[in-house]
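Q: Right, I'll just put the structure down here and ask away after.
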Amino acid sequence: MMFLFGCGKKQPQYQLKLDGYGLESSKTAYAEGEKVTVTFPAEYIGTDTDYNFTADSEDVKLSRDYSGKKGYVMKFTMPAHDVTISVRSSNSMSFDPTAIDYEESEEGENTDKETDTTSVEAEPAEPAPATEEKTLVVVFSATGNTKDVAEKIASLTGADLYEIKPAVEYTTEDLDWNDKNSRTTIEQNDPSSRPEIGSEPVDLTGYTRIFIGYPIWWAIEPRIMDTFVESYDFDGITMIPFCTSGSSSLGQSGKNLEKLAGSGNWQAGRRFKGGASENEVSKWLGTLE
Ligand SMILES: Cc1cc2nc3c(=O)[nH]c(=O)nc-3n(C[C@H](O)[C@H](O)[C@H](O)COP(=O)(O)O)c2cc1C
């Protein structure tokens, strides 16, 4: 009887909280002494990015392994209290939009160290090649930073501009990255999320080159960009991603879009800080083929 009674008794459960985009675990509550595994899948791991995984309490001894297939795998034994595991990265999840900006050093991105170029006159972009080149700038921008860069690209290259407007506008509350239940947090956490586009579709006939711009949200492209690239055929078109962010690089976003689009000749692309000068944009345009 004693034995049966002991077996039936429910052990207290302690909460496992995950703080940071990408962290995963199979359960949210564990008994004391139970083995806990938390993963940070390979698809979230950016190049040239350092990740720091921490527990909020000293009695949690967090082991960390890396496997090319699974990504980072952290293990620990559940103590008799709730535990929060956090991930912070040098250039993505720990972003602080008010922090001092740094220039990119990623492959394919501009490595120019000049930071204050606002007083320098814009240099003209490369002259248009002899063959008929028709350029379109596509942009999604929630707070105007990326649209500002898009307009500079359009005016410097003589391109047309197409703005992706969400069917349901993003409110300030929707854009709150500190809120785990905000619309953007939920969308970005769900790779299958495809927010509806409200603007009229664009006719891509005749375009040979498309600049495609967006803000970085949780280290990647906003899901509405996935909606866009899955809706068009970019066959024979050179696709050039660009983004603005608080501090994150373009990261995997260009590759994600290329994969989802399944067509187009995708280039490395470039990240700008909000308020990038016309000179910075022009210099970058001059580096393109
Ligand atoms: C929901 C949300 C998530 C964000 N995530 C990141 C991020 O992971 N890394 C980063 O550097 N900036 C991040 N930002 C800051 C934006 O990328 C940055 O402010 C951008 O310039 C906004 O562009 P926009 O004005 O065109 O919308 C985030 C902003 C929002 C609203």
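Q: List, in the order given, every pair from Lys17/Lys259; Lys35/Lys70; Lys9/Lys61; Lys152/Lys283 whose Cα-Cα distance in the structure shown is over 23 Å.
A: Beyond 23 Å: Lys17/Lys259; Lys9/Lys61.
Q: Right, something else. Looking at the stretch 120-275 only, what percent of DSSP beta bridges run antiparallel? Nearest 5 please.
A: Of those bridges, close to 10 percent are antiparallel.
Q: Just order 189-199, 69-79 by mean Cβ neighbour count inside 10 Å, highest at the front, would you?
A: The densest-packed peptide leads the list: 69-79, 189-199.
Each value in this text was obtained by applying a stated rule to the coordinates, not by laboratory testing. The structure displayed is predicted, hence computed values, not measured ones. Neighbour counts run over all protein chains shown; Cβ positions are idealised from the backbone, glycine included.
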